[in-house]
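The values are calculated or read from the model by the stated rules, or taken from the named source; none is laboratory data. Since the structure is predicted, the reported quantities are computational estimates derived from the model, not experimental observations. A quick note on method: Cβ atoms are made from the backbone with ideal geometry, for glycine too, and the neighbour counts reach across all protein chains shown.
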Amino acid sequence: MEPPEAAVVATDRGAARTAASGPATDTVHGLFDARAAAAPDATAATHGGRRLSYGEVRRRSDALAARLCRSGVVRGDRVGVVGARGLDAPVAFLGVLKAGAAYVPLDDTAPPARQQAMADDAGVHTVVTLPGSTCRVRRLRTRVPVDEARPDPPAEAVRPPGVTADDCAYVMFTSGSTGRPKPVAVPHRGVVALARSDLVGQRPRPGDRVLHGYALSSDASTIEVWPPLLNGACLVPVDRADLLSPDALERVLRAEGVAIAYLTTGVFHHVARVRPAALRALRFVSAGGEAMDPELARTVLSACPGTAVVNFYGPTENTVVTTAYDVRRLPADATAVPIGRPLEHCSCHVVRADGTPAGVGEEGDLLVGGAGLALGYLGDPALTGRRFRSSPVEPGAVLYDTGDRVVRLATGDLEYRGRADRQVKLRGHRIELDGVEARIRAHADVGEAVVELSGGTLVGYVTPARPGAGVRVDLVRRDLATWLPPSAVPSRLVELPAFPVNGAGKVDRGRLRALLADRPAAVPATVPAPRGDGPRETVTAVWQAVLRVPVGEADDFFALGGDSLLAAEVVNRTLTAFGVDARHGSALIRELLDDPTPAGFTAAVRRAVERPRTPDRAGPAVDFTAEAELGFRLPRRQGPPPRVHDPRHVLLTGASGFIGAFLLDRLLRRTGAEVHCPVRARDRGHATRRVRANLARYGLGGDHAADRVTCFPADLGRPLLGLDARHAADLARRLDLVVHAGARVNFLYPYRALRSVNVDGTREVVRLAAPRRVPVHFLSTIAVVAGFGTAGVRHVAEDRPLDHADRLTMGYAESKWVAERLLRDAADQGLPVAVYRPYEVTGDQAGGECNTETAICSLIRVVADTGLAPDIPLPLDFVPVDHVSDAIVHIATSGTPDHRTYHLTNPRPATFADLLDRMRAAGYDITTLPYPEWVGELVRHVEADPTSPTAPFVPLCVDRGHKADISVKEMYFEGTFPVLGRSAVEAALADSGLRCPPVDDELLDRYLDYFFASGYLTRPDGGAVRGTAAAGDAVGGTR
């Protein structure tokens, strides 16, 4: 597999470093702790009448670091930090750094899809949340609220061995040419060098108060946070409303005694126009992000004669600030403000196209380097290689190609002339126009797209995808809002039938801009807030609250970034808003899938309101027997037979899931095979990163056999799994074994929504395996036999043919039932098949590493949160995931299967009452209630918190089973669910040495300890941190 830091530049960049005692030997947290030790009572941050001392920040960050290390964070990990600037942000950053990891600020105001994409691209599987934040990142191992890592008793010092100045300190995102943000890895040495820089004689001093106004996810927050804290100064976070009001800003500056403010150029210009004297209280103010207006700069200097004004310049890729210019030196006749000269730890080179140095007054490309140089772009070695390259003028050094065009003046200062690669700065944000264009072109209605900066705003021009068709520019803008930061969404979109071209056949951008004056005003940038109390307005308001994007009448919920978890939240909020019975939840989910527009969903809500107590219990009838037909005859056997006992090539689906991670680990350890992993991903690199992150999430390295894992983008719901014909044929020719563990696990969706992946995907796996009769080992679920129980069957042997699909109720179980029957058809035609039906797959035996995105975990969580539990005869048939994967791999490599089914159950289960006893022993005060009464409490709990991880599983407790007047959950109670035979699995494992451990106090306590350590549960005595391992789109119980 691709190394996690394959994109990182490996080079000696010492050319511009300071003295030997400088940043090459120091880390950010090491320098901070030295400051805290020297002046523990000094104020590190103050806001809203509260203050934090350096000693308090040190103690709290030590406690957080210890908490993170206990949860499994190791050196080199990336840990997300979600929330807004405030007193707790430095604690979070330092705690992550002291744990040996790099922090990744994630914008909690971003649409959920964007927040998730950034976390995925940075490889985040642990998140620290700041007070008042909303984290929508899923597939997490641990979530830790910063204010619950307590320093009392004093935490032991945490200093992971080996952390150096060249380790990554943080990851920030910039725009990319594909329309996706690019994660930039910045090392400790860059931050420390910036903090030690003279900053044009204005480095913060001990006791200085420094304004903190940038969002944490903005790279400019680096200069606001670290130079002050690493020099003994005090941060003064400011609310956004005060920052944007010159009058309010002046009051804050004077009341707090602020001496230094680092502003965006936009804010600086606004203050200069409205109230330049507002900055008079400052000793120093800087502006950066865009070109500074010389007349406005002179206005500020005139109104604030005692204030130094500096123009900063620098890319994220060189730790934010590379050059500085003291505006007090600006000549009276200057028409532009230079960006100045490099800071002492930086280097700047102006070169011609051939790489030779440009002369004074000659425009050239700006290359920068020095101690601030970033490590590269995570996961993108090609782009890193293009932008971070060997210096043509500084032997042995690596420089970053900024893409900026500059001129070196006779004074030695640099003057900015523009972008070479169509990146622009807008309101302090760097935006790559090509990236915005790429995202617009991705919309199905758009043919071509051009984006230009005009009059301080972004304007987009589009043509229709089909001649004569139209483009709904409002829908395009809303789609962009799902993927791009607000600053990168064009304020106007102009539709044209075709673009004008110049003599060279290229789009004539000048004529496009001229056309703009003739066009009417575009739609508003945001949708007005809903008014009134009609159903349509309420539905729209709910969608916007959940999706965090503007919603129009014809918008598609899923195109706006919705998924099954957000659908569950929308439905729960809607049920509460309209006072509709929770039993309507499943019907509303079906309606949302059928018509995912506000209009369609509103119509469904109206129907539910009209009959609040009589929900529609089922969708259209499905003929499951007909669905289970394979649909084709297996071809004549061809090619060499597969090597089953010593496989060379194995296809593993589901490697990005819980069981899939352990199956991959066991296949690598137990065989010498190359494992081929199809993954939903953009490209091979993305597929590899997803699999690696999944292994890391569950404490599995995989590095010992990384060269034997091949990951590639695929889609189980498409023909040939989404592979091209050549790739599919190559796999069919080489495979010796197929382990089909991939599925869409979702307890909310009906059968028809899961069919393409779970049924058609299985059919495509058969198609790949059929020519050489490659054995297929299929991971099913014990839920396929639930229908036997309500039909009165008390015992189900492993070899009993499946039946009673019409009683299953749940779409996921129905889809697995059909897939099993389909495989029976293939087996009857000669394909070797084995089917595995695990019961409740739980954490591994050693550390309890568990998938908390399951129904049983959500039940445990709601009991812990509410102190209420149902009095139910629910067996806890827990099967540790390592036992499941060991058993499957052992059976799969022991011989050719003959279509046996294996019940992977625990011969020594416990009961739900046993689990409650262990929770009480851990300190929980739990009251048991009759099941119907408890279900009412559960519904009220979810009404109060629609984002609860329990919310997606409420239908299991309120929906009635088909042909049985009990809930789906009650179908699994003792006395209703059939007793399961185990003769086949016991015979297959008899000589393996594998034994499933009993579900005893020791195992249950191990799982509770994992829940405490990971932050999924709060230890009742307050000794652990509460957090939520939020569910992903796979809402279910066995993956």
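A few points about this structure:
- Residue within segment 211-226 that is closer than 26 Å to G340 by Cβ and touching an Asp or Glu at 6+ places or on another chain (Cβ under 6 Å) present: yes
- Yes/no for V862 being in contact (Cβ under 8 Å) with a residue 40 or more places away in the chain and either out of contact with any Ser or Thr (no Cβ under 7 Å at 6 or more places or on another chain) or not assigned by TED's automatic domain parsing to the domain that holds L994 (or both): no
- The single condition among (1) surrounded by fewer than 24 Cβ atoms within 10 Å (Cβ to Cβ); (2) within 27 Å of G372 (Cα to Cα); (3) in contact with a Lys or Arg (Cβ under 8 Å, 6 or more places away or on another chain) that E317 does not satisfy is (1).
- Flag if T109 is at negative phi and at pLDDT below 90: yes
- Criterion: at pLDDT below 80, touching an Asp or Glu at 6+ places or on another chain (Cβ under 6 Å) and aliphatic (A, V, I, L, M) - qualifying residue of A149, A155: A155
- Whenever a residue of segment 590-611 is within 12 Å of A554 (Cβ to Cβ), its partners that are surrounded by fewer than 18 Cβ atoms within 10 Å (Cβ to Cβ) and among the charged types (D, E, K, R), lying with C-beta atoms within less than 6 angstrom and at least six residues away or across chains, give the pairs P596/D556; P598/E553; A599/E553.
- Residue that is farthest from L243 (Cα to Cα), among those in segment 175-213 that are modelled with pLDDT under 85 and touching a strand residue (DSSP E or B) at 6+ places or on another chain (Cβ under 7 Å): S177
- Of the residues contained in segment 706-714, one or more are found to be within 30 Å of E569 (Cβ to Cβ) and within 22 Å of the chain's Cα centre (by Cα).
- Some residue of segment 46-59 being over 28 Å from G372 (Cβ atoms), in a loop (DSSP other than H, G, I, E, B) and either modelled with pLDDT under 95 or not assigned by TED's automatic domain parsing to the domain that holds C850 (or both): yes
- Meeting the requirement of 1 or more residues that are on the phi > 0 side of the Ramachandran plot, modelled with pLDDT of 75 or more and in contact with a Leu (Cβ under 9 Å, 6 or more places away or on another chain), the strands (runs of 3 or more DSSP E) wholly within segment 381-435 are 398-408.
- Listed by position, the helices (runs of 4 or more DSSP H) contained in segment 888-975 that have at least 1 residues being among the hydroxyl-bearing types (S, T, Y) and buried (at least 16 other Cβ atoms within 10 Å of the Cβ) are 931-944.
- Those residues of segment 37-50 which are touching a residue at least 24 places away in the same chain (Cβ under 8 Å) and touching a strand residue (DSSP E or B) at 6+ places or on another chain (Cβ under 7 Å), in sequence order: A42, T43, A44, A45, T46, H47
- With respect to the conditions (1) more than 26 Å from the chain's Cα centre (by Cα); (2) surrounded by fewer than 23 Cβ atoms within 10 Å (Cβ to Cβ); (3) more than 23 Å from T901 (Cα to Cα), L700 falls short on a single one, namely (1).
- A673 meets the stated requirement of being buried (at least 21 other Cβ atoms within 10 Å of the Cβ) and either closer than 30 Å to A122 by Cβ or out of contact with any helix residue (DSSP H, G or I) (no Cβ under 6 Å at 6 or more places or on another chain) (or both).
- Residue satisfying all of: in segment 978-1014; among the basic types (K, R) and assigned to a loop (DSSP other than H, G, I, E, B); surrounded by the most Cβ atoms within 10 Å (Cβ to Cβ) among these: R982
- Scanning segment 78-94 for residues that are assigned to a loop (DSSP other than H, G, I, E, B) and not basic (K, R) yields a total of 5.
- Residues of segment 311-364 that turn out to be of a type in the set (D, E, K, R), in contact with a Gly (Cβ under 8 Å, 6 or more places away or on another chain) and not in a strand (DSSP E or B), as a count: 1
- Residue in segment 729-748 that is of a type outside the set (S, T, Y), modelled with pLDDT under 95 and touching a Pro at 6+ places or on another chain (Cβ under 8 Å) present: yes
- The condition (being in a strand (DSSP E or B) and under 34 Å from the mean Cα position of the chain (by Cα)) is satisfied by just one residue among V862, V879, V884, V818: V879.
- Condition check for L378: buried (at least 22 other Cβ atoms within 10 Å of the Cβ), at pLDDT below 95 and within 41 Å of the chain's Cα centre (by Cα): yes
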